[in-house]
Amino acid sequence: MVTPRNRSVPFREPPSHAVDHVNPLIGNGGDSPNGSGGMIPSTAPPFAMTRWVAQTRMNYVSVTPYNYTDASIHGFQGTHQPAIWMGESGQVTICPGAGKIRSKFEDRGMAFNHERETVSASYYSVELEAIEGGKIFAEQSATSRVGHLRFTFTDTSYPYVLVEATRPSVIGSSNPNNLTYPEGSIVIDPEHREICGSNPERQDYIIAPVSTPATNWSGYFCARFDQPFASWGVAQNGSLAPNQTGGVGAALSAYATFKSTPIQVNVKVAVSFISIDQARQNLEKEIPDGQSLEETARNTRTAWAEKLDRIKLVGATKEQKEIFYTGFFHTLQYPYEQDEYGKYYSGYDDSIHEGISYTGYSVWDTFRAEWAWLILFAPERIPGMVQSMIQDYREGGWLPMWKNIIVETNIMVATHADSLVAEAVLKGFTGFDLDAAWNAVYKDATVPPINDTTTLYSDREEFVDYEVRAGLSSVYEQKGWVADDIHSESASRTLDYSYDDFAVSVLAGLLNKTNEQLFFRERAMNNLFTIFNPATGFMEARNASGAWAGSDNGWTEGDKWAYTLDVVHDIPGLIERKGGNKSFVGFLDKHFDGGHNDHTNEPSHHIPYLYSLASAASKSQTRVRQIAESDYNATVNGLSGNEDCGQMSAWYLFSALGFYPVNPVSGEYVVGSPFFDKVSIDLPSSSEKLEIISPGAPSKPYVYSLSVNGRHVEAPIIRHDQIAQGGVLMFEMRDTPQAWGSELTFQG
């Protein structure tokens, strides 16, 4: 008799205090941007090519495959959907069942409840109520390219496993009626107990640049079972074809049945972006025959522990530990692996290449703090990630903005890959082609997109070519701003392009390109304030003529309050225009007290730290603590906004340590308020620990003094090179506002 495991820990796992505090359900409260986080309780190692998740609903743009509020599970999906606002690509779904074979999504849902569900970073299990009686205990773990599932059938008749190749697919929007029917393939090999196939689904293809072919791409899969098939067949559009061993078309699945229960079936499902044969090779490399689910889960847990155990917290509550380590878990998922053991498919030229490749670059979000977090905690990945972007440039002509699966998708604005490259070089990384990196960022800054003066390039505009710096040629080069009567999101673009110019100037300086450094630095500083309206004291969009276009026009996921403060490379210039430190602090007070700070979107993330740059550090400390308490908790609604590939969590993680990278390419962090008594960090790039000691910090949010490696720090700034190789940050904390970094506060 096979007995399902019902314990919270299904088997003996490697000890890891940090991994035990990961709660993958945090941020899965719904599909609304507010309160959902857009995260799924997936099992996979860090930066995995495929994540495996119980599927409670059909996923598409704005809908993830698992939602905590649902009451039925329809299968277990190997998903490549990187974020809630992106589409799915090349997914495969495995669905156990008993009795009548049900291939349609709406017909195959099985009831479950969360009390019989175990969720962790390395292992997932749930007890399902089989539709025709009995129970199915489903377990799941995964490697980067292989899902490992185990189904225990108890008191059921005619157990089977369905492998779904293709399904009706929602294309390009959050409208569930916008359906297409991708045509894939399926092949059943009873002798070798395999079901393999392909799925060309790519929900974001209509917002990819039209010059990227990707005509030969599919997601490939190969599922191998450990039990012999009693029978098999193909299902298409809900109709069954018993004994058929293959098929091509839409709404296509295959199934295999097994002997009477009780029976336990293991299935290992490998994926590939290259071929079925490559999927089979991935399977044999990552989960060889004879490896148990316990071993797979143990290996995946060990991979997470290697990262998460590097940080030890003293003085954190149970909830704070869950928020912190779950956030850490979130930050180590993107960008994710695209290559398969030294080769990868590129949709930019429709070819197979040799090299390392990554995808899932949500750069508009992640350049702010997520990239800096990866630099500290996944430095071994940084050269490959930068080289991957350079390969995208070589094969498609541009660095990625929002690369999803195999090509760019033109989502969001600006070329913040320039910032990623500059920050990596600034912080000492090599191992990628510097000449090509410079050529790529220089092209971003100097070459406009096709039809720049006639294409709006609105958010998710369909069937256009590369957006890159839309508006670069129309007005920005001549007058210094992107024209609102020509391009969408013009004011945000103006400020973002100015920052990107600054990043290009930083890279030019590091490469001893003096003329280019001066040119882009001057353009960055001059263009930044071309849309500052001194009559209102706010940034405002402008038309090509120079006329103001209205204070509510031209913004990307923000408004005039957020973007007036989004000048991270020249805060002194902004303070001067706002009338000096005291007046600027008053403006910040109005921003927060008036309810204008919207932490659910990234343009507001640096704003609480701006007090510190205007001699009012104690007010930064107050605001940071307030946001941490109001916008983060350890529930399914634990993130106030979308996770956005780790950026939402990166804000919390840096803030909890006591500093934040306001200007990512400055090499500096602005000091805030550490949350815990002590944080001990085993940095991957150093033999020395980084210790952040702040006794009493949980109840005392205000900094009385700070020393870094024994040297007293007067201004609320620390440099990356002061912490990158370890050291000691010693905070003295108090429960009332202090004068350190806050002379303005104490002088009135």
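Only the coordinates and a few stated rules stand behind these numbers; no lab work does. No experiment lies behind these values; they were computed from the predicted model shown. FYI the Cβ positions are ideal-geometry reconstructions off the backbone, even for glycines, and counts take in every protein chain you see.
Structural remarks
- Compared with the rule-of-thumb size 2.2 N^0.38 Å for a compact globular protein, segment 450-570 has a Cα radius of gyration ratio of 1.05.
- Net length gained if the chain between LYS343 and SER680 were fully extended (0.36 nm per residue, minus Cα distance): 117.5 nm
- Cα-only Debye scattering, segment 346-555: base-10 log of I(q)/I(0) at q = 0.08, 0.11 Å⁻¹: -0.27, -0.51
- Here the Karplus curve 6.51 cos²θ - 1.76 cosθ + 1.60, taken at θ = phi - 60°, turns the phi angles of segment 413-425 into couplings of 10, 6, 10, 6, 4, 4, 5, 4, 5, 4, 5, 4, 5 Hz, with x standing for Gly and Pro.
- When +1 charges are put on Lys and Arg Cβ atoms and -1 charges on Asp and Glu Cβ atoms, the dipole computed for the chain relative to its Cα centre reaches about 1420 debye.
- FRET efficiency estimate (nearest 0.05) - Cβ-Cβ, GLU522 to TRP548, R0 25 angstrom: 0.55
- Cysteines of the chain lacking any other cysteine Cβ under 4.7 Å from their own Cβ: CYS95, CYS645.
- Working note: Cα gyration tensor of segment 446-488, eigenvalues times five, square-rooted, sorted largest first, giving semi-axes of 17, 11, 7 Å.
- Here is the P(r) of the chain: all C-alpha pair distances, binned every 20 Å from 0, give 17, 50, 28, 5, 0 in whole percents.
- Counting neighbouring beta carbons within 10 Å and listing from fewest to most, the residues ARG57, ARG460 come out as ARG460, ARG57.
- For segment 607-700, diffusion coefficient by Stokes-Einstein and Kirkwood Rh (Cα), 25 °C, 0.890 mPa s, µm²/s: 171
- Reachable lysines from LYS312, criterion Cα separation under 22 angstrom, eight or more residues apart if same chain: LYS321, LYS678, LYS689, LYS700
- Three principal axis extents describe the C-alpha atoms of segment 179-294; from largest down they are 52, 35, 21 Å.
- Contour minus Cα-Cα distance for ASN533 and SER72 (0.36 nm per residue): 160.6 nm
- Here is the tail figure for segment 82-229: Cα pairs spaced more than 27 Å apart come to 32 percent of all pairs.
- Rounded Å value of the spacing that divides the Cα centres of segment 391-409 and segment 526-576: 30
- Evaluated at q = 0.14 Å⁻¹: base-10 log I(q)/I(0), Debye formula over Cα of segment 40-94: -0.31
- Phi angles of segment 666-678 translate, via the Karplus equation with coefficients 6.51, -1.76, 1.60 and θ = phi - 60°, into HN-Hα couplings of 8, x, 10, 10, 8, 6, x, 9, x, 8, 10, 4, 7 Hz per residue; Gly and Pro are given as x.
- Surface/4 of the Cα convex hull for segment 629-677, nm²: 4.2
- Hydrodynamic radius by Kirkwood, which averages 1/r over all alpha carbon pairs of segment 266-339, in angstrom: 15.0
- Beta bridge orientation in segment 678-748: antiparallel %, DSSP, nearest 5: 75
- The Rg/Rh ratio for segment 324-390, using Cα coordinates for both the radius of gyration and the Kirkwood hydrodynamic radius, is 1.00.
- Tilt relative to the chain, helix 434-446 - C-alpha long axis, 0 to 90 degrees, to 10: 70
- Note on segment 292-451: Cα convex hull, mean projected area over all directions, 11.8 nm².
- Residues of type lysines that LYS100 reaches as a straight line, Cα spacing below 21 Å, ignoring anything fewer than 8 places off in the same chain: LYS135, LYS259
- Between GLU132 and ARG460, the simple label model (points 7 Å from Cα in the Cβ direction) yields a spacing of 4.0 nm.
- Both the radius of gyration and Dmax for segment 17-306 are 17.6, 55 Å, in that order, over alpha-carbon atoms.
- Helical mean residue ellipticity (222 nm; -39500 (n - 2.57) per DSSP H run of 4+; nearest 500) of the chain: -7500 deg cm²/dmol
- Within the chain, percent of DSSP bridges classed antiparallel, to nearest 5: 95
- Signed unit charges on C-beta, dipole axis of the chain, positive-most listed residue PHE463, VAL425, ILE73: ILE73
- LYS312/LYS285 FRET efficiency (R0 41 Å; Cβ-Cβ; nearest 0.05): 0.75
- Axis of helix 318-331 versus longest Cα principal axis of the chain: the two differ by about 80°, to the nearest ten degrees.
- Only lysines eight or more places from LYS343 in sequence, or on another chain, were considered; those with a Cα closer than 30 Å are LYS268, LYS285, LYS307, LYS403, LYS427, LYS443.
- Sorting the segments 577-588, 18-29, 428-439 by their residues' average number of neighbouring beta-carbon atoms within 10 angstrom, most packed first, yields 18-29, 577-588, 428-439.
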